[in-house]
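Enquirer: First, the structure itself, so that you have it in front of you.
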Amino acid sequence: MTVVVLGGGPAGLAAALELRRLATRGVVVVERESDPGGIPRHAQHQGFGIRDLHRPFSGPAYARRYAQLASEAGAEIRTGTMVTGWSPGGPLELTGPGGRETIDPDAVILTTGCRERPRSARLVPGSRPEGVMTTGTLQQLVYLKGRPVGERALIVGAEHVSFSALVTLGHAGAKAVGMTTELRAHQTLALFRAGAALRWRTPLWTSTVVSAIHGRPRVEEVELTDLETGTTRAVECDTVVFTADWIPDHELAVMGGLDMDPATRGPAVDTALRTSRESAFAAGNLLQGAEPADVAALSGRHAAATAAEYLRGSAWPEQRVPIECEAPLQWISPNVVSSRASAPPRGCFALRSNEFASGPRIEVAQDGRTLWDGRIRRLLPRRSARLPAGWAAKVEPAGGPVRVRLVHHG
Amino acid sequence: MSERLETDVAIVGAGVVGCAIARELCRFDLRVTLLEAGPDVGAGTSKANTALLHTGFDAKPGTLEARLVARGYELLSEYAPRVGIPVERTGALLVAWTEEQAAEFPAILEAARANGCIDLRTVAAEELYQREPHLGPGAQGAIEVPGEGLVCPFTTPLAYATEAVLSGCDLRRSTPVESVARLEDGGFRLTLPGGELTAGRLVNAAGLHSDELDRMLGHDGFTVTPRRGELIVFDKLARPLVRHIVLAVPTKITKGVLIAPTVFGNVMLGPTAEDVERKDDTGSTRAGLDYLMSEGGRIMPELLEHEVTAVYAGLRAATEHADYQVSVHAPEGYACVGGIRSTGLSASMAIAEHVREQLGEAGLRLEPKAGQPPELRMPNIGEAGLRAHQRDDLIERDAEYGRIVCFCERATSGEIRDALASDVPAVDLDGLRRRTRAHMGRCQGFFCGAELAARLDAREAS
């Protein structure tokens with residue numbers, strides 16, 4: 001038996017650890033970076049590991065801990081190795097310093113994670129100066145390479161990771177001249193926002209977009225547009241950090257021929273995290289961008305449990321019913337109910353909205369038949385709400401798509 | 001310090017044209033100096049274009065441009081595969097979206113015949129949709145141009161420059177010409193930062209600045225008005241949508257917006273065409289990007305479902321004239337190679353051949369160099385050939401070719417190391433990108449940006 005886990009971030013390492021705990025033999029984690037651990041390797045703030053390891057870690061400590069746990073449990077972690085080929089029905093082609101090889105495992109768990117959309121993907125016009133980066137680049141420059149960044153930075157975004165970028169800039173001795181979000185409020189914990197306001201004195205500009213970047217060879221100025229008034233103004237800075245706006249790193253999933261969910265842009269998975277391809281599972285932030293690392297790890301653990309069941313002979317479901325969201329709801333994850341419905345990771349679905357709502361009423365229905373109707377605590381753009389999952393058992397496997405809609409803003 | 005240098009031929013401008021001329025002249029027993037104001041060769045207009053290998057079917061018959069594009073196509077088609085410049089012969093479909101556009105077809109076919117392109121044919125709408133099934137609705141038909149293709153805009157000038165350097169060319173980057181004076185007994189004196197260069201002959205291949213250099217020498221033949229072209233590059237996952245270069249029916253003003261694959265496996269949408277004032281105005285604009293997205297949505301709606309990998313803008317060296325501005329002033333030994341617009345990449349080798357012939361007729365002694373020409377093999381960065389990470393022989397010899405550093409583009413540690421130590425080495429991130437593809441992919445450095453910065457730093461330190 002061989003299970004290959006594609007990606008050695010929190011989800012992948014947690015999956016490998018769980019597979020070994022369930023006595024699965026031949027667990028190999030393929031990691032393209034030179035060190036395992038994924039994004040937490042370069043997120044040097046506290047708060048990792050609460051939900052999964054039940055104690056707080058810094059990002060790098062959390063990454064090291066998971067790599068150690070997985071290795072000690074007997075998983076083989078192959079770093080510096082990338083999957084360079086995977087056709088529908090075909091084996092995995094790996095490339096690394098040791099050469100190229102092909103393996104055809106009994107099961108695959110995709111945990112390739114997500115990335116932030118760079119400036120180009122956001123179509124921000126202007127010149128192409130140095131000093132424009134994502135949080136990922138910023139944190140690797142500062143924490144992994146010990147390199148200087150600019151002196152005055154603008155942060156685009158006001159989510160958790162945006163505040164993480166703020167902390168990183170502080171560590172690098174750069175001043176954050178402001179944070180912008182096109183939404184009417186930030187989307188992180190009130191505590192983070194209040195703490196940041198106090199500690200870094202960085203203004204938060206809401207309903208604001210970066211409409212142009214100027215400078216050569218380095219950023220000199222950014223043009224901001226107020227979405228409510230349409231007025232523009234210039235902000236001087238030498239660095240622009242584009243944060244969040246996560247997209248699943250889904251190249252392998254597409255290569256492997258997996259059905260993709262158009263809303264999350266990750267592979268479509270059922271509550272057991274099975275993809276449309278038999279023996280292929282997917283977990284973590286490849287499913288949707290992005291959840292905190294510990295949530296991703298729990299998702300990996302969940303996929304490992306169902307993969308282990310599959311390896312013991314459990315049949316692959318034949319029928320898959322997609323779950324679709326109506327605007328302003330953006331996506332739901334998992335997004336398929338199969339004929340062998342089970343509980344999703346953490347016992348609930350993750351639901352995203354494009355709008356703020358407090359105590360909203362949500363309806364889940366299939367072919368006009370209501371499966372669930374109730375209130376959830378609140379909806380916040382860019383953050384997942386938890387939707388109870390008991391209705392999944394009532395889905396008719398041969399029926400039409402399940403629709404989730406916002407009935408009432410609350 | 002004041003350095004005094006001497007050369008037989010000084011070429012100003014190491015874009016694709018200047019590099020091609022340097023390569024051509026270095027085949028002869030001449031001292032050649034290639035001067036580039038910017039940090040690298042091929043890093044101006046040459047790097048930001050549509051990267052098509054044109055047959056010249058749509059050039060204005062009888063012009064120098066028509067002749068040189070056709071000849072350049074022939075020369076580059078032979079040279080590129082020999083030295084490892086990525087080329088893909090996809091063919092083009094020039095699509096008519098209205099009856100008025102379709103009515104232009106006979107004239108287009110007629111002009112193509114006059115340009116020596118005899119393999120064009122019309123394609124009915126039904127066949128067009130079979131061959132390009134993702135085209136938006138409403139196409140009336142197309143002209144197929146089988147010879148049109150893609151060529152790597154990065155490797156081409158680098159290959160020319162590398163061959164020139166291997167043949168003894170003195171390449172000086174970051175060396176702007178501050179002034180130029182004619183010497184009384186013939187030849188030129190060029191003032192450079194920290195020195196002077198005396199040259200027997202002078203070739204002006206300064207692209208956007210060719211008119212300025214021309215004026216320094218007392219000529220007043222043309223004025224360059226930069227014409228900006230904005231382009232959008234889509235994710236590699238969009239590549240299966242497009243099989244050919246999808247051209248538009250040209251108008252009097254522009255060749256229109258095209259959709260084409262790239263040799264790197266992406267899909268390109270563009271360009272816009274807008275005259276701008278500043279010769280460094282390579283910024284993209286909201287209006288330009290919005291226009292391209294609306295055109296893209298019309299030509300191939302599914303394209304817009306894919307992520308955008310890069311946005312860039314290039315400046316064409318357009319002049320008030322409809323043709324290239326190539327002239328050799330025999331008595332003084334000055335060749336001006338100006339007004340080379342979007343077809344310069346395709347025509348580059350023929351432009352170089354033409355300039356060499358003209359200089360020869362004007363009295364430049366052209367003795368072929370003794371010995372074998374250098375063996376040149378550029379690292380392959382195109383999708384059509386094998387990349388380093390796909391070659392067992394390379395990885396077996398050197399494990400660094402199996403260590404992929406840029407995941408999106410699959411550029412390896414070995415290639416990056418080589419690019420920093422090559423005959424024309426990369427000196428900055430952009431140079432590394434053009435030599436290896438590192439950092440030009442969908443993540444734009446999220447994963448490898450810091451690693452590449454560290455490697456560039458290490459190189460500077462060493």
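Quick note: the coordinates plus some simple rules give every number you see, no bench work behind them. Just so it is clear, the model here is predicted, and its values are computed rather than measured. Ideal geometry is used to build each Cβ from the backbone, glycine not excepted, and the neighbour counts take in all protein chains shown.
Enquirer: Which one, A:S342, A:H409, A:V321, projects farthest toward the positive side of the charge dipole computed for region A:318-410 from Cβ point charges (K/R +1, D/E -1)?
Expert: About the Cα centre, the residue reaching furthest to the positive side is A:H409.
Enquirer: I'd like to know which of A:I155, A:A212, A:H250 lies farthest towards the positive end of the charge dipole of region A:149-268, counting +1 on Cβ of Lys and Arg and -1 on Cβ of Asp and Glu.
Expert: Checking the options against the dipole of region A:149-268, the answer is A:I155.
Enquirer: Here is a follow-up. In nm², what is the average projected area of the convex hull enclosing the Cα atoms of chain A? Don't jump to the answer; show the numbers that get you there.
Expert: Details: hull surface 80.4 nm².
About 20.1 nm², averaged over all directions.
Enquirer: Turning to a different aspect of this structure: Restricting the calculation to Cα positions, tell me the Rg (one decimal) and the Dmax (whole number) of region A:318-410 in Å.
Expert: Rg and Dmax of region A:318-410, Cα atoms, are 12.3, 38 Å.
Enquirer: In addition: Charges only on Cβ, +1 for Lys and Arg, -1 for Asp and Glu: so what's the dipole of chain A about the Cα centre, in debye to the nearest 20? Don't jump to the answer; show the numbers that get you there.
Expert: Working: 47 positive and 41 negative charges, 214 e Å.
For chain A, the charge dipole is close to 1020 debye.
Enquirer: How high is the relative contact order of chain B? Use alpha-carbon pairs under 8 Å, at least six apart in sequence, and give a whole percent. Numbers along the way, then the final one.
Expert: Values: 1028 pairs, mean separation 97.5, N = 462.
Relative contact order, chain B: 21 percent.
Enquirer: For the residues B:L64, A:L17, what sequence is obtained by ranking on other C-beta atoms within 10 Å, fewest first? Walk me through the numbers on the way to the answer.
Expert: Values: B:L64 18, A:L17 27.
Listing B:L64, A:L17 from fewest to most nearby Cβ atoms yields B:L64, A:L17.
Enquirer: Another one. Calculate the dipole size of the protein assembly as shown relative to its Cα centre from +1 charges on Lys and Arg beta carbons and -1 charges on Asp and Glu beta carbons; express the result in debye to the nearest 20. Please report the intermediate quantities before stating the final value.
Expert: Numbers: 96 positive and 108 negative charges, 670 e Å.
That gives a dipole near 3220 debye.
Enquirer: So, R0 is 30 Å and r is the distance between the beta-carbons of B:D275 and B:R189; what FRET efficiency does that work out to, to 0.05?
Expert: Working: r = 35 Å, r/R0 = 1.15.
According to the calculation, E is roughly 0.30.
Enquirer: Based on Cα positions only, what radius of gyration and what Dmax would you give for the protein assembly as shown, in angstroms?
Expert: In order Rg, Dmax, the Cα atoms of the protein assembly as shown give 29.1, 97 Å.
Enquirer: Between B:L386 and A:D106, take the C-beta separation as r, use R0 = 35 Å, and let me know the FRET efficiency to the nearest 0.05.
Expert: Numbers: r = 31 Å, r/R0 = 0.88.
Between B:L386 and A:D106 the formula returns 0.70.
Enquirer: In whole angstrom, how far apart do the alpha carbon centroids of region A:53-87 and region B:51-95 sit?
Expert: If we compute the Cα centre of each part, the gap is 50 Å.
Enquirer: Considering only Cα-Cα distances, which of the following residue pairs are longer than 21 Å: B:K60/B:K252; B:K236/B:K279; B:K47/B:K279?
Expert: Numbers: B:K60/B:K252 12 Å; B:K236/B:K279 31 Å; B:K47/B:K279 15 Å.
In this structure, B:K236/B:K279 lie more than 21 Å apart at Cα.
Enquirer: Express in whole angstrom the spacing between the alpha-carbon centres of region B:402-430 and region A:229-243.
Expert: So the two Cα centres are separated by 33 Å.
Enquirer: Once you keep just the Cα pairs under 8 angstrom separated by 6 or more residues, what percentage relative contact order results for region A:12-61?
Expert: On the way: 43 pairs, mean separation 13.5, N = 50.
Here the relative contact order equals 27 percent.
Enquirer: For chain B, the longest stretch holding no trypsin sites (Lys or Arg not before Pro) located in a DSSP loop with at most 13 other Cβ atoms within 10 Å is which?
Expert: On the way: sites that count: B:R89, B:K252, B:R278, B:R365, B:K369, B:R377.
Answer from the scan: B:90-251.
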